[in-house]
Structure formats: C-alpha cells, structure tokens
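A quick write-up on the structure given underneath.
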Amino acid sequence: MQIDMTVNGRAYSADVEDRTLLVHYLRDHLGLTGTNVGCDTSSCGACTVHIDGQSVKSCTVLAAQVRGADITTIEGMANDEELHPMQEAFRQCHGLQCGYCTPGMVMAATSLLSENPDPSEQEVREGLEGNLCRCTGYHNIVKSVLSVAGGQS
Amino acid sequence: MTIMGTPRLRKEDPKLLTGEGKFVDDIHAPGELWMGMVRSPYAHAKIVSVDTAEAAAHSGVHAVYSGKDLEEMGLWIAPLPCVWPVTDDMLNPPHVPVVTEEANFVGEIVAVVLADSRYGAVDAAELVEVSYEELPAVASLDAAVTGDALAHSDLDTNKAYHWPLVPDPDALDAAFANAAHTVTGTFVQQRLIPAAMEPRGVLAVPSPHGGDITLYSSSQVPHILKVMVAATTGIPENKIRIVAPAVGGGFGAKLNINPDEILAVTLANRLGLPVRWTETRSEAAFSTHQGRGQNQTIEIAADAKGKILGVRVHLDADMGAYMRLITPGVPLLGSFLYTGVYDVPAFGFTCDGYFTNLTPTDAYRGAGRPEASYAIERAMDLLANEVGVGPDEIRRRNYLNGGEAFQDLEVASTLVFDSGHYGPNLDKALELSDYASLRAEQQRRREAGESKQLGIGLCTYVEICGLAPSRALAGLNYGAGGWEHALVRFLPTGKVEVVTGSTPHGQGHETSWSMIVADKLGVDPDDVEVLHSDTAISPLGLDTYGSRSLSVGGVAISMACDKVVEKARLIAAHQLEANPDDLEFSGGVFRVKGTPTAELPIQGIAYEAFTAHNLPDGMEPNLQEQMTFDPPNFAFPFGTHVAVVEVDEDTGGVTLVGYTAVDDCGPQVNPLIVEGQVHGGIVQGVAQALWEEAVYDEAGNCKNPSFLDYLVPSSMEVPSMVLDSTETPSTSNPLGVKGVGEAGTIGSAAAVINAVCDALSPYGVTDIEMPATPQKIWRKIQDAKGGEA
C-alpha cells in the first residue's frame, strides 16, 4: 500500500504492507527509533506520538490510517539549539531514569498541557494515566509537568 | 569544592530525552534474520512431534528448527547455567534453550523460526505444527509441596533442596520454651512479573571469516553473559563481545542467561548472518523469569515486655520449572535478614525449594530481601498487638544496641552489620510524617464512624547490599566472586576516561561516577567520560544488581583515582624538584607546601605522562591506574517507611494517601539520583502490596500476562512522596557508602500492609494476603461483621 505523510516536518512516501503499524513504520522504515514499543496492548504509552497535534499510541494505529497526516515524534521536539521545554523540565526534575517510557511520556505531557495549560497535580496524574513508568514512581514526572505548566501560566 | 553530596543533573538525559539513546531493538545489521519462537501452550506435556514443513515453505522464511534439529546441530555444549547450587545435592534438571522431549512450563520454547522480517517471524511461528501429550501439571507452590503430581517426569520429587541456617538449635528451642509471648505469621509472597518497560531483545552479529561474534542484549549483566555464552556454546570467550546498549530498566529480569541469547549467538554463528529477536510483552511476562513466589512462616518468641528472645523462619520457595542463573539462591539472599534491625538472641531459618510447572523464578528488585523485610516487619506488628504496645514502641524496645549508633556488630544470623543508628532514623520519620497527628485523625474517624478509615503502617527495614565479599559468596556456594573493576585514565589533553564494570540501566552511573572522579582528581565532571556495558571497552566486570554498583564499583573507581593521584604526585615531585611528601594536592593542583608558586595541575601532568619526556627514572608512561575492589564486608542500609492508607469500608478499596521514607544509605553521591531510586522502589513495593500478582490457573496458564490485566501502577494510583535521610557511614569501604537501588522496595510492601491491617484493626483483622485487593478487604470486613452481606 502506498502511504504519504509528514513526519517532523519532512514529507515521506512509501509502499508498505497493509498491516504495517505506524510505530513500526516510524521505527523500522524511517529509522525514527525514539518512539518505543513497551507492550502489545496500547496500555503503556511508550509509543505515544502526535498525529495532527493530538497524542496517539502509535502501536495501535495502522500507517495506512494516517495517510496525509502530520506526525510529530520525539525526534521532532527539540531544535538544534535546545531541548523542548518539556524535555528540559524532565531533565531538571530528574523525571526519567532508564529513559524507555520517556519519549512517550514527553509526548503525552505536551499534549496534556496543550489541552489544559494549567493543570492541578491530580489533573496531571489523570492526564498521564495511559503512560506507564517502572522507574520513577511518577513523583518526578508529575513534578516535571507541573514545572512547565507553572512556567507557562 | 565538593561535588559529591550535591544534586547534579544527569549526563544521560539529553540522549534519552530526544530519542538518540539506542536500545537493542533500535540497532540493525545488514542481512539480519528475525527469530520467532514457538512456545508450549501446556504447562507440562510430552512433545510428540514437531512439523516444520509448512512454516519452512512460507514466503520469507529462512529456516525452522525443532529442539531435536538444534540438538543434532550441536549448537551448545551445556544447558543454560545455574551458578548457585545452594547445596551439594540440589536437583537441577537440565534447561536447554529449545526443549526436545518434555515441556515444563507454558512459554517454554519448542521450535524456532528465522524469517526476513519482524512480522514474517511471527507468521511463520504460527505455522509450526506441534503435537503434545499433556501431563499432569504442578500449577502452584502448594501443589508442589503436596507432591501429587511431579513437575519433572524424570525426578521422583518436586523438592529441589533443603537449606538450613540454624546457628544454635538448642538456644532457639530454649528461647521459645521460655517465651511469655509468641506470635506466628504465615505470609504469601505472590509471584510478580518484573515488567521493565523495555522488553528484552537480542541482536547477534557474526563475523564468518574473522570468527568473532558480537551480541547486543538488553542485559544487566554483559560480563557474566560473556562468560556464560562461552561456557554454554563452546565459542572461545576471547571471540565473544557483549554489548548492552541503552537498557530500559532491569529490576532483575535482565539478570539472566536466556534461551534467546544462546539461540541468537549460535544460529548467527552457524548461518553467518545476523540474528535478532525482541520479546512481546506477554513473552516477557511468562517466559522471562518472574520474582518472589514464597510461602513464609515466621515465629517470634518474646518476653513479657515484648523483648525478642528468638526468631524462627521456614520458607517454601517456588523455583518454577527450572533453576535459572541464581534461582535457588534468591531465598538465601534474604535468609540473613529475617532478624531485621532487632537484637535477636536466637535465630533459625530453613528453606525448601520446590519445582513447579510455572515460569522459573529468579531475581526481582530486592531478591529475597523484600520478602525477609516483609516477614519480620509484619510479625513485629503482630507482636506489638500481642504485647499491647504501639508499632513504634515494639520496635524501639528491640533495636540493635538500643537504637544507639554501632559499628561492626555481629547479629544472630552470623553476619556482621557494618553500622547502624536506628533510633534517630525512626524519630525523624515519625516527625516528618506527623505521626502523632495521623494517629489523632485515625481516632477521630473511628469515633465518627466514617466509611473511610485511616491506617498507618511502619516498616523499619535493614537490607544487605554491596554484593559482595567474594569469600562470603564462596561460603554460600555461589559460582563467582563479588568484586568490581575500574580503570581511570587521563587522556593527553587532560580529559578523563573511566572504564567501569558496573552496567547501568537507568541508575545514572555516568553522572555519579563522574562526580566521584571529579572530586578525587579535581577536574570538572563534564571532563569525565564513563565507559561501560561493552566487553570490548570494559573487559572486566561483575555488573549491576543487588544495589552493589556504588559500594563496590563506585568505590573501585575512587580507589583507582587515589592511585592516579599517587602516580601524578611522583611526576609532579620530579618536575618540581621536591620531595613527594612535601606536595599537597587539592582542586586538581599539586603545590609544594610553603612554596605557593611551585605548582603543577594534574591535567598538565597527564600531558607530561603522555609525552614521557621527563618522567622519573623507570616510570611507565601515561597516567592511568586500575583497581579491583573486593569489599571486606557487605553494607547494611536501613530506614523507616511510614505508609498512610484510606480503606473504604463500603468497597474494600485502598487508597495510598501518604508516604514518608527516611532512608540511610550512608553518604550520598548524588541526592537527586538517590531520591529517584527511592521513589521508584517504593512504588514497586506498594504495587506488590496492593495490585500486582502473576495469576495462574489450574492448568498452569498465566492469566494476566499483559498490561491490560497485570496491574503495574499508573500515575493515578500513587501519591507524591515525602523523603528524607539520615547518614551513617559504612565501615565496609573507604567512601562509607552503602547502596539504595532496592531500599524502597524492601521497605514499602510491609509498610503498606501494616497500614491496611492497622485500618482494619477495629474489626480484629491482623493479616491480609498480598495483593490486598478490594475483594479481599471487603470479605474480611464482612466476615468480621458476621457475614451478613
């Protein structure tokens, strides 16, 4: 199947098997391996990317479903000079340890703040419920997101 | 300026935050083949036949192998290793990568396919036809003990070993004979799925003409893996390179020698093509090892005031279907800690290990020590109830050395605790958690008859880390040593490379080790590069597990730095024409005492050592030193955890509403990282207490092998935590450091269940089995009310 999409501002076109998942298209075809796979059931959120600005778990989307879409992955968040504010906040607050859930967590968190720029701690916890982390106990992840929210308000 | 002890942002983060970090599944090799595993759907079955024809004929399939095919190919010379035969007569049925005759757990590999794509490997595996003859399965630890069915048809028992640690049986009997109070706790340590977020994966890249092979593996133990690949496959060890790239968490699950690792290496070598595989989440759940799986009985004998006279413990431990790398030793790692932080005059511990037809067990965060801490800390609350004092008071009455500071104190389990100071640690935790106010609020809710009752749980744990003195490991029949290696090298331009045998997978060693080096050598931490986890770069090491990396590996680095400074001192003395003893070193500069203008920076000396133009006679060029540190003793961190729960009496639901931890891991290198380790550890222990359990049906099927129904907590289930620390230096190493990677997990499960039982105490509830689900709690409440519901 022929698919076309924009990923991190660059246009891509490819012929893929119909069943190709978006996450495998990004990882195995485009080499954008920052988006990780942590489960087979869209439970963990490690594969979260933005599709037309909305956070979506890319392990349960067929590449063919997002033809023509504008995709942003973790590789598209920082510019050449500096990290995205959310990435910087995770660094400042020690919001990551092994780093495997981190790309998905950053993508989910930026999407959360675009919907709710000034969330309470409880709203952050609810907003990130679909992203699992085994290292941090979430304490510093929540702190990271709140620090960006505070900075924005 | 001292860098150690101050919070410092991690060097590791920018790569991991931007997707630059490379995990195994991110790395590719030209021409690679994808493995797919055919796994037994039966817990116990004879393999009648394996038909590979249809799979082999499928488009894109390169090869298909049954266990017998692989056996005939002679790819390995020994079964997968168990390096901890805890007794001389321990049973250890051979565990080969692909089974040939009898499958012994659901998920055991029966056949392997090689295909040219990720999806193609899965397709082909489904086309392999296997015919089984089902055998009776031992689907629980209780069934294994009963022995009605046998887990292995060619063994005449399920009992793998009996291991006793009873230093003085007569004294123990006397303690119980003379007791005014005795309490008995029977606890179940349910099976847990480690669930590191990165599934395990491998990529083996051969060099058909050169004869060497590189294995990329998401492993905690690349150095141990290298030795074991050689021992298992017969490939010369010097031809094997193991690389553990970015590793997405371990928690013990990546501390093993796995069938897929041996298959990838041997098939890649045989075919001359790269071979790769990444497990699915379900494969991670039921075929990579699980943790815990123990039935515990603990008895405490005490005098009239609750002063402990003796502690007696028996475990039945579920090995699962096979002995993996350290399966039989996991309960032993806890055996010495069942006396906790208490002055216990008489102690006895026995453990029986049993085979079941379930996923093998092995190390999971804490490995034996959370189980021990849970048992003694739950039993202390039982004793407090029995004696009629508070949980804080019963602990104070029994602390080693009366809660005062001590060093090098031998305890009843025969170990010598390096240092402790338990009283002030408890005081700090009670104050920080506002314990008195919590008790008042609990009383208020009880008197008001509110539906949400408060429970407050204490745990004052001790753990054993810094694994380990090699001679102590020899005494436990462990097959390797416990040292760690470090090399510190100045480069000509004054930058520093550190080569370490520790192998981080989230712990931030690059940051912490560079802080140690910066302090020791007087250089900027950003001038220090830490090299690790690749046996071609770091050939010597014993890897990261058991909270050992700082107190063994970090100390080795510190001691190597001392050697570097001493060599640099000789060069400086030579060039300054001074006596080495007249030089002082601080801030990276040697100065002649009393002659402030006569100075040489160590980074300049590094260049002098490189050019070797003007060194003392007979000195080797270059400025690098190495150190292999084998600690004289373990380290014993401790701490107090206070869990606060709300129990909804109408639903049985538990909400963790507060958590305070005051840990003592000795001097901290990077408090930011220490706190992160404690946070994550706490939540893993809380998860065991309240949510997680690998549930098996009567046929031996794991019923919840995905994140849909294995309840790894999300951000919604846990609160923010309040942390603080005390600092009692270890006597086991020159930095005085202890270790903190598992502390949170070791303290939290007992604290939470103590809190739940505390909330339910008006109903006379003294115990609840983990995980304390709403159903179990609701049932306890209804039973107490007379079962009218």
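The values are calculated or read from the model by the stated rules, or taken from the named source; none is laboratory data. In this text, all values refer to a predicted model and were calculated from it rather than measured experimentally. Every residue, glycine among them, receives a Cβ derived from its backbone with ideal geometry; neighbour counts consider all protein chains shown. Heads up: the accessible areas ignore ligands, DNA and RNA and are worked out on the full protein's heavy atoms, side chains in. Shrake-Rupley method; radii C 1.70, N 1.55, O 1.52, S 1.80 Å.
Among B:204-213, B:727-736, A:92-101, B:573-582, what's the highest-first ranking by average C-beta atoms within 10 angstrom per residue? Could you put the intermediate results ahead of the total?
Working: B:204-213: 16.8, B:727-736: 20.4, A:92-101: 27.1, B:573-582: 14.6.
By packing density, highest mean first, the sequence is A:92-101, B:727-736, B:204-213, B:573-582.
How many nm separate the modelled label positions at A:Glu17 and B:Arg446, each set 7 Å beyond the Cα in the direction of the Cβ?
In this crude spin-label approximation the distance works out to 6.3 nm.
Can you give the relative contact order of the stretch B:227-308 as a percent, counting alpha carbon pairs under 8 Å and 6+ residues apart? Mind showing how you got there, number by number?
Details: 26 pairs, mean separation 17.1, N = 82.
That works out to 21 percent.
Straight-line reach from B:Lys46: which lysines have Cα under 26 Å away, leaving out those fewer than 8 places along the same chain?
The reachable lysines, counting only those whose Cα sits under 26 Å from B:Lys46, are B:Lys68, B:Lys159, B:Lys703.
Which aspartates and glutamates have a Cα lying under 15 Å from the Cα of B:Lys593, excluding residues fewer than 8 positions away in the same chain?
B:Glu577, B:Asp581, B:Asp582, B:Glu584
Separation between the B:Thr651 and B:Lys593 pseudo-spin-labels, each 7 Å from Cα along Cα→Cβ, expressed in nm?
7.1 nm
With a 1.4 Å probe and all protein chains left in place, how much of the accessible area of the stretch A:85-148 comes from carbon and sulfur atoms, in whole percent?
Values: 820 of 1780 Å².
Here it works out to 46 percent.
Per-residue accessible area for B:Asp260 at 1.4 Å probe radius, Å² rounded to 10?
10 Å²
Using Cα centres only, tell me the gap between the stretch B:103-123 and the stretch B:426-444 in whole Å.
With the stretch B:103-123 and the stretch B:426-444 each reduced to a Cα centre, they are spaced 55 Å.
Can you show me the helix-derived [θ] at 222 nm for chain B, built from DSSP H runs with n ≥ 4 at -39,500 (n - 2.57) apiece and divided by the number of residues, rounded to the nearest 500. Can you show the working numbers first?
Details: 21 runs with 228 residues, N = 789.
Computed ellipticity for chain B at 222 nm equals -8500 deg cm²/dmol.
At 1.4 Å probe size, with every protein chain present, just tell me what the per residue accessible area of the protein assembly as shown comes to in Å². Don't jump to the answer; show the numbers that get you there.
Working: 32280 Å² over 942 residues.
Accessible area per residue, the protein assembly as shown: 34 Å².
So which residues in the stretch B:176-202 end up with at least 50 square angstrom less accessible surface once the other protein chains are there, compared with the chain by itself, probe 1.4 angstrom?
B:Met197
Can you compute the FRET efficiency between B:Ile77 and B:Glu133 using 1/(1 + (r/R0)^6), with r the Cβ-Cβ distance and R0 = 22 Å? Round to the nearest 0.05. Let's see the in-between values first.
Values: r = 29 Å, r/R0 = 1.34.
Here the calculated transfer efficiency is 0.15.
Could you state how much accessible area B:Arg446 has, in square angstrom rounded to the nearest 10, with a 1.4 Å probe and all protein chains kept in place?
70 Å²
Can you tell me the length gained on complete extension of the stretch B:Lys68 to B:Glu101, counting 0.36 nm per residue apart and subtracting the Cα distance?
Values: separation 33, 0.36 × 33 = 11.88 nm, distance 0.85 nm.
So the extension gain works out to 11.0 nm.
Checking the table B:Lys495/B:Lys520; A:Lys57/A:Lys143; B:Lys452/B:Lys780 against a 20 Å threshold on Cα-Cα, which pairs fail?
Numbers: B:Lys495/B:Lys520 14 Å; A:Lys57/A:Lys143 23 Å; B:Lys452/B:Lys780 15 Å.
Exceeds cut-off: A:Lys57/A:Lys143.
In straight Cα distance, which aspartates and glutamates are under 15 Å from B:Lys428, not counting same-chain residues fewer than 8 positions off?
Within the straight-line cut-off, B:Lys428 pairs with B:Asp392, B:Glu393, B:Glu404, B:Asp663, B:Asp664, B:Asp724, B:Glu727.
Only protein chains counted, 1.4 angstrom probe. Which residues of the stretch A:137-151 are at least 30 Å² less accessible in the assembly than when their chain is isolated?
Flagged in the stretch A:137-151: A:Gly137, A:Tyr138, A:His139.
Subtracting the Cα-Cα distance from 0.36 nm times the residue separation, let me have the gained length for B:Asp581 to B:Thr146 in nm, one decimal.
Working: separation 435, 0.36 × 435 = 156.60 nm, distance 7.09 nm.
Stretched fully, the B:Asp581-B:Thr146 segment lengthens by 149.5 nm.
To the nearest 100 Å², how much accessible surface do chains B and A hide from each other in total, with a 1.4 Å probe?
Numbers: alone 28620 and 8060 Å², together 32280 Å².
Protein heavy atoms only, the B-A interface buries about 4400 Å².
State the extension gain, in nm to one decimal, for the chain segment bounded by B:Thr186 and B:Ala174, taking 0.36 nm per residue of separation less the distance between their alpha-carbons. Walk me through the numbers before you get to the answer.
Details: separation 12, 0.36 × 12 = 4.32 nm, distance 2.21 nm.
Stretched fully, the B:Thr186-B:Ala174 segment lengthens by 2.1 nm.
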